[in-house]
Amino acid sequence: MGQLKRKSLFILLISVFAAFSFAEPAEARGPEKSQESSPGSMEGQGMHNSQSSQSKNPPPSPVSPPPAPPQKPEGPEGNKEKNPQNFVHYRGNRTFVQQEKLVLLQVKSSRVDEDEVVMEISFNQSLNPRSVKSSSIILDDEELPEKVKFSFNRKGDTIRVQVPSKDDEIKVKIQGVRAFSGVLIEPVEILSHVE
């Protein structure tokens, strides 16, 4: 009797191992194939142990369909992204043209020398670099010198300029700057602390 139990247990282990190692995943089989018995399974040999088959191979759960993609609003606001007229090419990138108000976000000033300050002036959208002139940035009620050079970050929404100043606080006025969409910034003044 003990030898019969060992043989049954050995056959059970081999069939479970074969079922797990050679069987397809439940998602690949589909619900109709998962109900059938495989050739090497216990049901095919006439030996059935319902407790071990239920705990080892639970029936596959029905697969629910994927969620629907988000709906885009209808009208001119919903098609902004796909309309090629809302993009311009700038520095090798397609820049999205926003039809909203151009706003100054921050002015960060860092001292690089005893009498030189680097200013990074950030906006909420990309600027038209042709609109930025020495008269666009006024420091302490004086225009920048003509020889000052402006540089822009890759996105085009930050101006970097090195200016002469010995002060620890600089009053900055921005005017006459345009976004790619043509929106003109309203003149704005801000007090920048030099770090």
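Report, by residue number, each residue of region 151-184 that is under 19 Å from residue 110 (Cα atoms), aliphatic (A, V, I, L, M) and open to solvent by 40 Å² or more (accessible area, probe 1.4 Å). Full working, then the answer.
Step one: list which residues in region 151-184 are under 19 Å from residue 110 (Cα atoms), which gives 151-153, 157-174.
This time we only want the ones that are aliphatic (A, V, I, L, M), so: 159, 161, 163, 170, 172, 174.
Residues satisfying the conditions do not exist here.
Return yes when residue 109 is surrounded by fewer than 18 Cβ atoms within 10 Å (Cβ to Cβ) and of a type outside the set (Phe, Trp, Tyr) and no when it is not. For residue 109, the condition - surrounded by fewer than 18 Cβ atoms within 10 Å (Cβ to Cβ) and of a type outside the set (Phe, Trp, Tyr) - is not met.
Against the definition (surrounded by fewer than 18 Cβ atoms within 10 Å (Cβ to Cβ) and over 23 Å from residue 101 (Cβ atoms)), how does residue 148 come out, yes or no?
Against the criterion (surrounded by fewer than 18 Cβ atoms within 10 Å (Cβ to Cβ) and over 23 Å from residue 101 (Cβ atoms)), residue 148 qualifies.
The values are calculated or read from the model by the stated rules, or taken from the named source; none is laboratory data. These numbers were taken from a predicted model, which means no experiment stands behind them. Glycine gets a Cβ as well: all are built from the backbone with ideal geometry, and neighbour counts include every protein chain shown. Ligands, DNA and RNA are excluded from the accessible area calculation, which covers all protein heavy atoms including side chains. Shrake-Rupley method; radii C 1.70, N 1.55, O 1.52, S 1.80 Å.
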